[in-house]
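A.B. asks: One structure coming up, written as structure tokens, with questions to follow.
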């Protein structure tokens, strides 16, 4: 139902209700008036009847009483002059009626007339009130009179006389004012209807227009993607469209009361916010101000702000009203386009630079190519003339060129199409392409017809081929093989010998000990001293044999190092502890200086300890007075152990021979028992087996410093 | 005190005399043998509490002898001490694999050998 229909219906209902109420009121008033009129008629009839009775009593008591006819006439006359209708009205009648034979005589009383109008009507057709009054009843009645008018009547009888009084008035007269008011009511209803039509036709369209405008505005606001806003004079938001929730993440009610720049600008001090404040301060319109802010969850939003000042009649600023267009997509697209442009420009510049570079390189390459060709020509010439066998090969291992010397040793055929792998077994499995590409340098030694040749293979990537130079190494190889086999034989012999030596030594040492224990000699006895000598020398011989065995083992490649993680600080302290009595007996001092934290390396603990004990033991042997210091320094990959004494020192000449087996520094100043001459050689072997180094720094008369350097990590195979 | 019988297999007469006599003088019942086959017969006939042997023996070395002893359920429980002049790590390893209980390198001081033997019997007594 449209608004118009609703309004018209409403008005119609109102008119109808007004009509009903008015008519009902009229009806009630009319009924009330009718009742009043009836009782008044009755009162009048009674009053007149009482008066008539009084008059009748007077007339009866006055002698001489005339005939009944006479006094009744007299009564009527007196009544006519005395009685008056209660209400002046056109149709009011006061009638005295009496029975006259078969007829009823009606005497109409008129005020002040003194006479009475008389009519006689038959009893049968007489109206009810007259009949009842004459019959001695009193009451009221609505009926028709003798002339056929509708009347209301009050009637009362005269006591004991066949005379009644009837006061009546025509109903039409009673009703007349109400009938007249009905016209006014009808008129009023018509007027109201007209008013309704007027409203429907003139006011409603205006209202409808306003309502449509409102609907349209609302629909536009809802369908609009821009935020629509209003502020008060202080630029605080008083209205904001619902789409702020989607665009800014804030519902309108959360934004109301905030300043315009707080809502649409990221910071109050940003240029756009200042521009905004300036414009609003001067009440100027806002035109496409581009602002930037963040949504509730921190996403960037670009807005385009437009608005007009709202002024009152006194041209005072009441606030602003406007829109904020979401231009984020557009701005981001612009940004992306700008970046793309920048990127394109950068790439063009890069490409230009690359082209310039390429051009430069090309020129260089041309020059280089010329140089290479020159070189190749010289190489070819040199190879042709060289007595050294030279072979040139391609990426598949085929021979491109071979000089006469090469043809001879490799037994090449003319136009040989075999690959190098087919010509010489030792070349099979070589990746010639890779060799050339990487410029690799390889050496392969191979035996050909009882001679040995070392082939130096070289890839030359810039020329796209490789060359092989062969040299005869038969003498070298033979010598080396012989030396190695001799050395192995020596080591094996030493190992066997040391083993064979142990057996008699076991017997000598064992029986010396048993004799010392069981023969019952006193320590001061000559026999006891001799036995001691045998045993001591036997033990020395055992040390010698053990060292010899160790050395032989190393040289024979049979010493297997057991690598574990060794804490050198702990090891050095243990070694020093072990030697402390020895040192003390000689009146020397032994210092150990190691870091507080563990220094852990991968090594064979027993062998390294053997080295350290050997070095300390050596230092003791060659030091008369002073001290021996053991130092430990470490870096992430290497450790350095130093055993330094204040002994006799070693001459530079002797330093060179120090680490050879069976070499001993012969010196008159030698202090204690002879060494085996194997200790330092063994130390060197052990340290080198650990991939470390040992060397000595020494000065005669000052002392010696033996320095052992070991890698922290030993990746043993 | 239960019997403390030791069979000592050593082909070198001097060494056999040295260690065998030493242990005997210390109160142990030591039976010496120069040949592994003979030793096996002695051991099978009258199983000892402990066997001490050299590695280098005629016809059959100590390692093989140990393997044979250890693979025979009758003799597998008897501890075997090897007393060898081979000091190479490889030799020790082989002996350990064969099931040898203790590997000692000659020359060893007779008193030290005695200590080891005493330790063994003490451990057996208390164990």
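A.B. asks: From (1) more than 20 Å from residue A:320 (Cα to Cα); (2) in contact (Cβ under 8 Å) with a residue 12 or more places away in the chain, pick out the condition that doesn't hold for residue A:224.
C.D. replies: (1)
A.B. asks: When the residues of segment A:76-101 are narrowed to those that are surrounded by 17 or more Cβ atoms within 10 Å (Cβ to Cβ) and closer than 15 Å to residue A:134 by Cβ, which ends up modelled with the lowest pLDDT?
C.D. replies: Step by step, filter segment A:76-101, then rank; the result is A:76.
A.B. asks: Listed residues A:247, A:152, A:163, A:169; which is in contact (Cβ under 8 Å) with a residue 40 or more places away in the chain, assigned by TED's automatic domain parsing to the domain that holds residue A:283 and buried (at least 17 other Cβ atoms within 10 Å of the Cβ)? It would help to see each step written out before you state the result.
C.D. replies: Working: A:152 fails: assigned by TED's automatic domain parsing to the domain that holds residue A:283; A:163 fails: assigned by TED's automatic domain parsing to the domain that holds residue A:283; A:169 fails: assigned by TED's automatic domain parsing to the domain that holds residue A:283.
Sole residue among the options that is in contact (Cβ under 8 Å) with a residue 40 or more places away in the chain, assigned by TED's automatic domain parsing to the domain that holds residue A:283 and buried (at least 17 other Cβ atoms within 10 Å of the Cβ): A:247.
A.B. asks: Failed condition for residue A:507, given (1) more than 10 Å from chain B (Cβ to nearest Cβ); (2) farther than 26 Å from residue A:618 by Cβ; (3) in contact with a helix residue (DSSP H, G or I) (Cβ under 6 Å, 6 or more places away or on another chain), with all others met?
C.D. replies: (1)
A.B. asks: So which pairs qualify, if the first residue must be in segment A:514-532 and more than 14 Å from chain B (Cβ to nearest Cβ), the second must be loosely packed, with under 11 Cβ neighbours inside 10 Å, the Cβ gap must be under 7 Å, and the two must be at least 6 apart or on different chains?
C.D. replies: That search, which allows pairs on different chains as well, returns A:528/A:522.
A.B. asks: For residue A:7, indicate whether it is assigned to a helix (DSSP H, G or I), closer than 25 Å to residue A:185 by Cβ and modelled with pLDDT under 75. If you could, list the steps in order and put the result at the bottom.
C.D. replies: Numbers: assigned to a helix (DSSP H, G or I): yes; closer than 25 Å to residue A:185 by Cβ: yes; modelled with pLDDT under 75: yes.
Criteria met by residue A:7.
A.B. asks: So, in segment A:441-457, of the ones that are surrounded by 17 or more Cβ atoms within 10 Å (Cβ to Cβ) and closer than 30 Å to residue A:369 by Cα, which residue ends up farthest from the chain's Cα centre (by Cα)?
C.D. replies: Looking at residues that are surrounded by 17 or more Cβ atoms within 10 Å (Cβ to Cβ) and closer than 30 Å to residue A:369 by Cα, I get A:455.
A.B. asks: Looking only at segment B:65-86, which residues are farther than 17 Å from residue B:10 by Cβ and within 14 Å of chain A (Cβ to nearest Cβ)?
C.D. replies: Within segment B:65-86, none qualify.
A.B. asks: Limited to segment A:268-295, what total is found for residues that are loosely packed, with under 12 Cβ neighbours inside 10 Å and under 20 Å from residue A:244 (Cα atoms)?
C.D. replies: Total satisfying the criteria: 1.
A.B. asks: Could I ask something else about it? Please go through segment B:80-127 and give me each residue that is over 29 Å from residue A:548 (Cα atoms) and within 13 Å of the chain's Cα centre (by Cα), ordered by number. Spell out the reasoning first.
C.D. replies: Within segment B:80-127, the first condition is being over 29 Å from residue A:548 (Cα atoms), and the residues that meet it are B:80, B:99, B:117-127.
Across segment B:80-127, the qualifying residues are B:80, B:99, B:117, B:120.
A.B. asks: Then there is this: Among the residues of segment A:677-706, count how many are touching a residue at least 12 places away in the same chain (Cβ under 8 Å), touching a strand residue (DSSP E or B) at 6+ places or on another chain (Cβ under 9 Å) and within 17 Å of residue A:603 (Cα to Cα).
C.D. replies: Narrowing segment A:677-706 to residues touching a residue at least 12 places away in the same chain (Cβ under 8 Å): A:677-687, A:689-696, A:698-706.
Okay, now just the ones that are also touching a strand residue (DSSP E or B) at 6+ places or on another chain (Cβ under 9 Å), so A:680, A:683-684, A:686-687, A:689-696, A:698, A:703-706.
So of that shortlist, the ones also within 17 Å of residue A:603 (Cα to Cα) come out as A:683-684, A:686-687, A:689-694.
Number of matching residues: 10.
A.B. asks: Okay, next question. As an exercise: evaluate residue B:101 against (1) farther than 13 Å from residue B:9 by Cβ; (2) surrounded by fewer than 19 Cβ atoms within 10 Å (Cβ to Cβ); (3) within 14 Å of chain A (Cβ to nearest Cβ) and give the number of the one condition it does not meet.
C.D. replies: That leaves (3) as the condition not met.
A.B. asks: Identify, from the list B:119, B:93, the residue that is modelled with pLDDT under 90 and more than 9 Å from chain A (Cβ to nearest Cβ).
C.D. replies: B:93
A.B. asks: Filter segment B:104-113 down to the residues that are in a loop (DSSP other than H, G, I, E, B) and in contact with a strand residue (DSSP E or B) (Cβ under 9 Å, 6 or more places away or on another chain), then identify the one that is nearest to the other protein chains (Cβ to nearest Cβ).
C.D. replies: First pass over segment B:104-113, keeping only residues in a loop (DSSP other than H, G, I, E, B): B:106-109.
Now narrow it down to the ones that are in contact with a strand residue (DSSP E or B) (Cβ under 9 Å, 6 or more places away or on another chain): B:106, B:108.
Working: B:106: 5, B:108: 8 Å.
If we take residues in segment B:104-113 being in a loop (DSSP other than H, G, I, E, B) and in contact with a strand residue (DSSP E or B) (Cβ under 9 Å, 6 or more places away or on another chain), then B:106 is nearest to the other protein chains (Cβ to nearest Cβ).
A.B. asks: Could you list all residues from segment A:620-644 that are more than 14 Å from residue A:567 (Cα to Cα), at pLDDT 90 or above and buried (at least 18 other Cβ atoms within 10 Å of the Cβ)?
C.D. replies: A:628, A:629, A:630, A:643, A:644
A.B. asks: State all residues of segment A:584-604 that are under 23 Å from residue A:633 (Cβ atoms) and surrounded by fewer than 19 Cβ atoms within 10 Å (Cβ to Cβ); if no residue qualifies, say none.
C.D. replies: Those that are under 23 Å from residue A:633 (Cβ atoms) and surrounded by fewer than 19 Cβ atoms within 10 Å (Cβ to Cβ): A:589, A:591, A:592, A:593, A:595, A:596, A:597, A:598, A:600, A:602.
A.B. asks: Just need a number here: residues in segment A:461-497 that are farther than 17 Å from residue A:403 by Cα and in contact with a helix residue (DSSP H, G or I) (Cβ under 7 Å, 6 or more places away or on another chain). Can you show your working first?
C.D. replies: Keep residues of segment A:461-497 that are farther than 17 Å from residue A:403 by Cα, which gives A:461-464, A:473-497.
Narrowing the set further to residues that are in contact with a helix residue (DSSP H, G or I) (Cβ under 7 Å, 6 or more places away or on another chain) leaves A:461-464, A:487, A:491, A:494-495.
Summing the residues that are farther than 17 Å from residue A:403 by Cα and in contact with a helix residue (DSSP H, G or I) (Cβ under 7 Å, 6 or more places away or on another chain) in segment A:461-497 gives 8.
A.B. asks: Quick one: which of A:577, A:589, A:539 is assigned by TED's automatic domain parsing to the domain that holds residue A:490 and over 60 Å from the mean Cα position of the chain (by Cα)? Talk me through it step by step, then tell me what you get.
C.D. replies: Values: A:577 fails: assigned by TED's automatic domain parsing to the domain that holds residue A:490; A:589 fails: assigned by TED's automatic domain parsing to the domain that holds residue A:490.
Only one candidate passes the filter, namely A:539.
A.B. asks: Within segment A:133-146, take every residue that is under 13 Å from residue A:159 (Cα atoms) and surrounded by 18 or more Cβ atoms within 10 Å (Cβ to Cβ) and give me the one that is farthest from the chain's Cα centre (by Cα). Talk me through it step by step, then tell me what you get.
C.D. replies: Pass one, segment A:133-146, residues under 13 Å from residue A:159 (Cα atoms): A:133-138.
Those still in the list that are surrounded by 18 or more Cβ atoms within 10 Å (Cβ to Cβ) too: A:133-134.
Values: A:133: 111, A:134: 114 Å.
Only one residue tops the list, namely A:134.
A.B. asks: Report yes if some residue within segment A:201-214 is farther than 13 Å from residue A:8 by Cβ and touching a strand residue (DSSP E or B) at 6+ places or on another chain (Cβ under 7 Å); otherwise report no.
C.D. replies: Checking segment A:201-214: not a single residue is farther than 13 Å from residue A:8 by Cβ and touching a strand residue (DSSP E or B) at 6+ places or on another chain (Cβ under 7 Å).
A.B. asks: Now, a different point. Suppose we filter A:367, A:333 for residues that are under 30 Å from residue A:261 (Cβ atoms), at pLDDT 90 or above and not assigned by TED's automatic domain parsing to the domain that holds residue A:235; which single one remains?
C.D. replies: On the way: A:367 fails: under 30 Å from residue A:261 (Cβ atoms).
The match here is A:333.
A.B. asks: Now, a different point. When the residues of segment A:426-439 are narrowed to those that are free of Cβ contacts under 8 Å to residues at least 24 places away in the same chain and closer than 19 Å to residue A:376 by Cα, which ends up farthest from the chain's Cα centre (by Cα)?
C.D. replies: That would be A:439.
The values are calculated or read from the model by the stated rules, or taken from the named source; none is laboratory data. Owing to the predicted nature of the structure, the values given are computational and were not obtained by experimental measurement. Because the Cβ atoms are built from the backbone with ideal geometry, glycine has one as well, and the counts that use them run over all protein chains shown.
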